[in-house]
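Colleague: Here it is, the structure in full.
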Amino acid sequence: VTAKGEDLKTTGRGGNHLPVITLLTDFGTVDYFVGAVKGAILSVNPQAVIADITHEVPPQDLEAAAFTLLASYATFPPGTIHVAVVDPGVGSKRRPLIVSAGKQFFVGPDNGIFTYIYDRESSHQTFHVTAEKYFRHPASTTFHGRDIFAPVAASLSKGVKPKAFGPSITDEVRLETSLTPVGQKDGRVEGRIIHIDRFGNCITNITRDLLNDEHATLLVREKPIDNFRSFYGENSGSELFAIWGSAGFLEIAVNGGSAALTLGVKRGEAVILTQSRKGAKESA
Amino acid sequence: VTAKGEDLKTTGRGGNHLPVITLLTDFGTVDYFVGAVKGAILSVNPQAVIADITHEVPPQDLEAAAFTLLASYATFPPGTIHVAVVDPGVGSKRRPLIVSAGKQFFVGPDNGIFTYIYDRESSHQTFHVTAEKYFRHPASTTFHGRDIFAPVAASLSKGVKPKAFGPSITDEVRLETSLTPVGQKDGRVEGRIIHIDRFGNCITNITRDLLNDEHATLLVREKPIDNFRSFYGENSGSELFAIWGSAGFLEIAVNGGSAALTLGVKRGEAVILTQSRKGAKESA
Amino acid sequence: VTAKGEDLKTTGRGGNHLPVITLLTDFGTVDYFVGAVKGAILSVNPQAVIADITHEVPPQDLEAAAFTLLASYATFPPGTIHVAVVDPGVGSKRRPLIVSAGKQFFVGPDNGIFTYIYDRESSHQTFHVTAEKYFRHPASTTFHGRDIFAPVAASLSKGVKPKAFGPSITDEVRLETSLTPVGQKDGRVEGRIIHIDRFGNCITNITRDLLNDEHATLLVREKPIDNFRSFYGENSGSELFAIWGSAGFLEIAVNGGSAALTLGVKRGEAVILTQSRKGAKESA
């Protein structure tokens with residue numbers, strides 16, 4: 001399990017950098033789980049720099065985990081290893097995975113948690129982790145975060161190549177939700193709310209490249225929203241507005257309140273963007 | 001954006017130390033915001049050591065953020081860079097700042113969040129960050145924590161000098177609250193409750209140097225408190241008591257309960273310290 | 001307070017590793033306490049790698065802290081220093097301790113928080129920290145986490161030997177609870193619930209070596225549980241089941257619910273394991 005500098009370079013990590021391993025789980029921060037995972041990483045690679053993304057994903061909420069990972073991974077440097085463990089199937093036959101994508105690595109269960117990474121990084125490679133020599137022993141059936149994903153990530157951070165952990169696969173499990181709005185025709189985009197944050201902001205899967213017109217209207221539950229703002233505090237009214245959020249998606253928000261509650265919507269709700277060329281808004 | 005060892009020394013950081021960047025925000029720990037900020041820092045300076053102070057400042061509560069920063073910054077080593085982001089004005093014209101004070105640096109919005117640092121470190125220098133080459137691109141209008149403050153702090157940690165980020169200013173925005181009790185006369189001190197912690201302890205802005213007598217009484221809402229203790233568990237009664245808290249201020253507490261609820265007070269409440277020379281308490 | 005490489009080696013830390021210091025407290029993550037402790041560590045040893053285990057131990061709950069430490073420490077590498085501060089007696093005469101056990105170190109108050117470490121690591125050595133030169137000055141009477149335990153741990157991480165901090169002692173304070181089930185006779189084990197996690201899973205002090213039979217029954221509040229599972233999702237029924245948990249103890253759980261609420265039990269409740277040789281279950 002030793003690493004050579006050359007390996008480090010060929011896997012895309014900068015030679016002089018301490019390797020970064022991020023953690024994204026639904027373990028909560030009250031119990032011993034997060035501590036045990038950190039120890040398991042540092043026991044294999046004491047040089048690893050561990051960065052908590054969150055441990056407060058709602059229990060077993062794969063969509064929330066997938067979105068949170070999507071919205072944070074791209075700011076990290078090349079070579080970063082993201083350990084994402086929301087794992088209702090722990091102990092069953094579901095596969096442990098390493099995904100190599102966008103010069104970064106992702107380690108976690110094959111249950112759809114990496115769906116948006118697959119969507120975003122089309123040239124990704126996925127490996128089914130089968131090489132038990134990289135596991136903690138004895139590996140439990142109840143805590144793969146500590147016994148499989150942590151030591152695998154730590155070995156990866158030492159320069160072990162992804163293919164050393166097991167065979168390449170292409171039939172990864174995916175969530176039903178997708179980053180690509182299903183219907184796009186004549187500037188009309190049929191999207192969905194893919195995430196609701198803790199403030200009640202509704203994040204859609206509509207990206208800026210789908211907008212070809214300044215005069216656009218968003219329709220949610222038959223309610224039209226044509227108030228597009230460039231920042232949250234732009235005016236102080238209490239009406240709903242649309243804003244290009246920091247994760248790169250069109251969001252629906254309301255000042256000092258919850259857009260989700262105001263609209264009465266949940267994740268998965270359809271949103272429709274209509275738009276027309278400048279000056280032709282009435283025909284939209 | 002490269003740094004030389006000489007620069008590191010001249011800016012007060014020890015040559016052999018990894019630079020420490022602390023984070024203090026109201027982002028919460030559920031969403032992707034904290035992860036995105038950490039990645040943005042590590043992408044600019046993978047050597048940075050990131051230390052979370054808290055991400056649980058009550059949303060947009062600048063006074064709480066200012067106090068929490070005041071109470072923790074001084075334990076950190078010289079050269080530490082504190083990123084403090086409670087930023088209701090994100091996207092508007094409010095200025096991004098670097099404050100150089102007490103051999104440390106502070107990076108955040110110009111909205112008063114550094115008020116107590118200005119009070120405590122009278123010889124501080126403040127810079128208005130205007131050099132966009134140190135920003136993440138494209139910089140959003142909604143998440144300056146990730147796009148401005150994180151990369152600016154990371155560049156600072158690499159040895160870029162504060163003046164390279166923009167012009168020096170002296171008209172920083174300040175909170176109305178102050179660390180200096182407004183009225184001081186004949187041993188009588190008119191202070192305020194500047195913070196209430198999660199246990200309901202009421203922290204005043206009265207510091208130990210203002211006490212010149214062992215026989216002192218604190219008056220809050222016309223209730224006199226003359227029970228001064230040296231540690232929390234000193235006796236087990238349930239009455240209110242005063243104690244020199246670990247942040248260096250006089251606090252009002254009650255065993256196993258909330259002093260704030262017992263007194264019915266909120267932050268900002270006036271407190272009056274009266275004192276007299278030893279043996280002359282009756283004349284106080 | 002300087003350290004030599006030789007010292008580092010003789011105290012069991014790997015020469016090339018950055019020293020790991022973990023934190024386990026009941027400070028919460030809202031206030032400035034955690035930040036102040038991190039700063040106090042980094043001021044003494046800027047090379048220290050700080051890993052948060054948890055700061056969400058229920059206030060003053062020593063049993064919960066002791067269990068959480070037990071369940072996480074062993075995954076960390078040799079030389080790790082665990083700072084555990086749940087400290088209702090701060091400021092009183094209770095002693096500050098360093099415990100050397102299992103090639104790791106434990107720093108905290110002498111109030112029983114290390115009970116399970118003493119149980120598990122029979123050849124531990126304990127030192128009463130009296131050398132004030134390793135404290136932060138002036139040391140407060142209210143925040144020994146910052147002023148005593150943090151700088152002591154940081155000095156330890158620089159290679160100062162435990163005996164330099166004070167005399168060896170053997171009369172450590174212990175909790176009443178114990179990792180060893182009190183009654184063991186003819187395969188019958190009288191154990192206790194020593195922890196209830198945030199999901200309501202009930203962790204007993206029964207370890208796998210006490211089970212000599214596949215046909216075992218667990219009795220809690222006169223309710224027999226003989227459904228032993230190997231992983232949580234093994235079947236989807238809603239009945240109570242027993243499982244060997246990831247901390248190495250027999251746990252009582254229920255799918256999608258709280259075993260503690262279902263059973264109406266609290267920490268400390270007696271559990272009785274009965275077992276018989278294969279094929280002789282009826283005589284158990």
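The values are calculated or read from the model by the stated rules, or taken from the named source; none is laboratory data. Here the structure is a predicted model, which means the values were calculated and not measured. Note that we place each Cβ from the backbone using ideal geometry, even for glycine, and neighbour counts take in every protein chain shown. To get the accessible areas, we keep the full protein, side chains included, count just its heavy atoms, and leave off ligands, DNA and RNA. Shrake-Rupley method; radii C 1.70, N 1.55, O 1.52, S 1.80 Å.
Colleague: Pick from C:Ser100, C:Ser122, C:Ser92: which is of a type outside the set (A, V, I, L, M), over 16 Å from C:Leu23 (Cβ atoms) and in contact with a Pro (Cβ under 9 Å, 6 or more places away or on another chain)?
Modeller: On the way: C:Ser122 fails: in contact with a Pro (Cβ under 9 Å, 6 or more places away or on another chain); C:Ser92 fails: in contact with a Pro (Cβ under 9 Å, 6 or more places away or on another chain).
One residue alone meets the criteria, C:Ser100.
Colleague: Right, next: Given the criteria aliphatic (A, V, I, L, M), out of contact with any helix residue (DSSP H, G or I) (no Cβ under 9 Å at 6 or more places or on another chain) and at pLDDT 90 or above, does C:Ala65 qualify? Steps first, please.
Modeller: Values: aliphatic (A, V, I, L, M): yes; out of contact with any helix residue (DSSP H, G or I) (no Cβ under 9 Å at 6 or more places or on another chain): yes; at pLDDT 90 or above: yes.
Judged against the criteria, C:Ala65 is a match.
Colleague: Let me ask something else. How about segment C:46-58: which of its residues are open to solvent by less than 10 Å² (accessible area, probe 1.4 Å) and either assigned to a strand (DSSP E or B) or touching a Lys or Arg at 6+ places or on another chain (Cβ under 6 Å) (or both)?
Modeller: Hits for segment C:46-58 are C:Ala51, C:Ile53, C:Thr54.
Colleague: Also: Would you check if A:Gly257 is within 14 Å of another protein chain (Cβ to nearest Cβ) and surrounded by fewer than 20 Cβ atoms within 10 Å (Cβ to Cβ)?
Modeller: yes
Colleague: Being surrounded by fewer than 19 Cβ atoms within 10 Å (Cβ to Cβ), touching a strand residue (DSSP E or B) at 6+ places or on another chain (Cβ under 8 Å), in contact (Cβ under 8 Å) with a residue 60 or more places away in the chain and of a type in the set (A, V, I, L, M, F, W, C), is that true of even one residue in segment B:222-240?
Modeller: Looking for residues that are surrounded by fewer than 19 Cβ atoms within 10 Å (Cβ to Cβ), touching a strand residue (DSSP E or B) at 6+ places or on another chain (Cβ under 8 Å), in contact (Cβ under 8 Å) with a residue 60 or more places away in the chain and of a type in the set (A, V, I, L, M, F, W, C), one finds none in segment B:222-240, hence no.
Colleague: Would you confirm, using the coordinates I've provided, whether C:Ile203 is among the hydrophobic types (A, V, I, L, M, F, W, C), within 14 Å of chain A (Cβ to nearest Cβ), touching a helix residue (DSSP H, G or I) at 6+ places or on another chain (Cβ under 7 Å) and outside any helix (DSSP H, G or I)? Break it down into steps so the answer makes sense when it comes.
Modeller: Working: among the hydrophobic types (A, V, I, L, M, F, W, C): yes; within 14 Å of chain A (Cβ to nearest Cβ): yes; touching a helix residue (DSSP H, G or I) at 6+ places or on another chain (Cβ under 7 Å): no; outside any helix (DSSP H, G or I): yes.
It is false that C:Ile203 is among the hydrophobic types (A, V, I, L, M, F, W, C), within 14 Å of chain A (Cβ to nearest Cβ), touching a helix residue (DSSP H, G or I) at 6+ places or on another chain (Cβ under 7 Å) and outside any helix (DSSP H, G or I).
Colleague: Being β-branched (Val, Ile, Thr) and facing chain A (nearest Cβ under 10 Å): is that true of C:Ile225 here? Please lay out each step first, then the result.
Modeller: Numbers: β-branched (Val, Ile, Thr): yes; facing chain A (nearest Cβ under 10 Å): no.
Spelling it out, it is not the case that C:Ile225 is β-branched (Val, Ile, Thr) and facing chain A (nearest Cβ under 10 Å).
Colleague: What about A:Thr204, is it open to solvent by 90 Å² or more (accessible area, probe 1.4 Å) and of a type in the set (Val, Ile, Thr)?
Modeller: On the way: open to solvent by 90 Å² or more (accessible area, probe 1.4 Å): no; of a type in the set (Val, Ile, Thr): yes.
No; evaluated as a whole, the condition is false for this residue.
Colleague: Separate question: Any chance segment C:153-174 includes a residue that's open to solvent by 50 Å² or more (accessible area, probe 1.4 Å), within 20 Å of the chain's Cα centre (by Cα) and either within 14 Å of chain B (Cβ to nearest Cβ) or among the β-branched types (Val, Ile, Thr) (or both)?
Modeller: Taking every residue of segment C:153-174 in turn, at least one turns out to be open to solvent by 50 Å² or more (accessible area, probe 1.4 Å), within 20 Å of the chain's Cα centre (by Cα) and either within 14 Å of chain B (Cβ to nearest Cβ) or among the β-branched types (Val, Ile, Thr) (or both).
Colleague: Every residue in segment B:264-278 that is open to solvent by less than 20 Å² (accessible area, probe 1.4 Å) and over 16 Å from B:Arg188 (Cα atoms), please. Before the answer, list the steps.
Modeller: Going through segment B:264-278, the residues open to solvent by less than 20 Å² (accessible area, probe 1.4 Å) turn out to be B:265, B:271, B:273, B:275-276.
Passing the criteria: only B:Val265.
Colleague: I've got another one for you. Which of (1) surrounded by fewer than 23 Cβ atoms within 10 Å (Cβ to Cβ); (2) at the interface with chain A (Cβ under 8 Å from one of its Cβ atoms) is the odd one out, the single condition C:Ser72 does not satisfy?
Modeller: Only one criterion is unmet by C:Ser72, namely (1).
Colleague: Give the residues of segment C:111-135 that are touching a residue at least 24 places away in the same chain (Cβ under 8 Å), within 14 Å of the chain's Cα centre (by Cα) and surrounded by fewer than 22 Cβ atoms within 10 Å (Cβ to Cβ), sorted by residue number.
Modeller: Kept after step one, since they are touching a residue at least 24 places away in the same chain (Cβ under 8 Å), are these residues of segment C:111-135: C:111-120, C:124-131, C:133-134.
Next cut, within 14 Å of the chain's Cα centre (by Cα) only: C:111-120.
Answer for segment C:111-135, where residues must be touching a residue at least 24 places away in the same chain (Cβ under 8 Å), within 14 Å of the chain's Cα centre (by Cα) and surrounded by fewer than 22 Cβ atoms within 10 Å (Cβ to Cβ): C:Gly112, C:Tyr118, C:Asp119, C:Arg120.
Colleague: Report yes if B:Ala139 is under 20 Å from B:Phe33 (Cβ atoms) and open to solvent by 40 Å² or more (accessible area, probe 1.4 Å), otherwise no. Let's see the steps before the verdict.
Modeller: On the way: under 20 Å from B:Phe33 (Cβ atoms): yes; open to solvent by 40 Å² or more (accessible area, probe 1.4 Å): yes.
Considered against the rule, which asks whether it is under 20 Å from B:Phe33 (Cβ atoms) and open to solvent by 40 Å² or more (accessible area, probe 1.4 Å), B:Ala139 comes out as yes.
Colleague: On to the next question. In segment A:222-271, how many residues are under 17 Å from B:Gln60 (Cα atoms) and modelled with pLDDT of 90 or more?
Modeller: Applying the first criterion (under 17 Å from B:Gln60 (Cα atoms)) to segment A:222-271 yields A:231-236, A:253-258.
If we keep only those that are modelled with pLDDT of 90 or more as well, we get A:253-254, A:258.
Number satisfying all stated conditions: 3.
Colleague: Hey, another quick one. Six or more apart or on different chains, Cβ under 7 Å: which pairs go from a residue in segment A:42-63 that's within 12 Å of chain B (Cβ to nearest Cβ) to one that's in a strand (DSSP E or B) and open to solvent by 10 Å² or more (accessible area, probe 1.4 Å)? Could you list them?
Modeller: That search, which allows pairs on different chains as well, returns A:Ala51/B:Ile50.
Colleague: Sticking with this one: Can you name the number of the only condition in (1) modelled with pLDDT of 95 or more; (2) in contact with a helix residue (DSSP H, G or I) (Cβ under 6 Å, 6 or more places away or on another chain) that C:Val90 fails?
Modeller: So the condition that C:Val90 fails would be (1).
Colleague: Still on this structure, I have one more. Kindly provide the set of residues from segment B:230-247 that are facing another protein chain (nearest Cβ under 9 Å) and in a loop (DSSP other than H, G, I, E, B), ordered by number. Please lay out each step first, then the result.
Modeller: Filtering segment B:230-247 for residues facing another protein chain (nearest Cβ under 9 Å) gives B:230-234, B:243-247.
Across segment B:230-247, the qualifying residues are B:Ser230, B:Phe231, B:Tyr232, B:Gly233, B:Glu234, B:Gly245, B:Ser246, B:Ala247.
Colleague: Quick one: is A:Thr22 within 11 Å of another protein chain (Cβ to nearest Cβ), surrounded by 24 or more Cβ atoms within 10 Å (Cβ to Cβ) and not in a helix (DSSP H, G or I)? Explain how you work it out, then say what you get.
Modeller: On the way: within 11 Å of another protein chain (Cβ to nearest Cβ): yes; surrounded by 24 or more Cβ atoms within 10 Å (Cβ to Cβ): yes; not in a helix (DSSP H, G or I): yes.
In short, yes.
Colleague: Just give me the residues in segment A:75-95 being open to solvent by 10 Å² or more (accessible area, probe 1.4 Å) and within 14 Å of chain C (Cβ to nearest Cβ), in sequence order.
Modeller: A:Asp87, A:Pro88, A:Gly89, A:Val90, A:Gly91, A:Ser92, A:Lys93, A:Arg94
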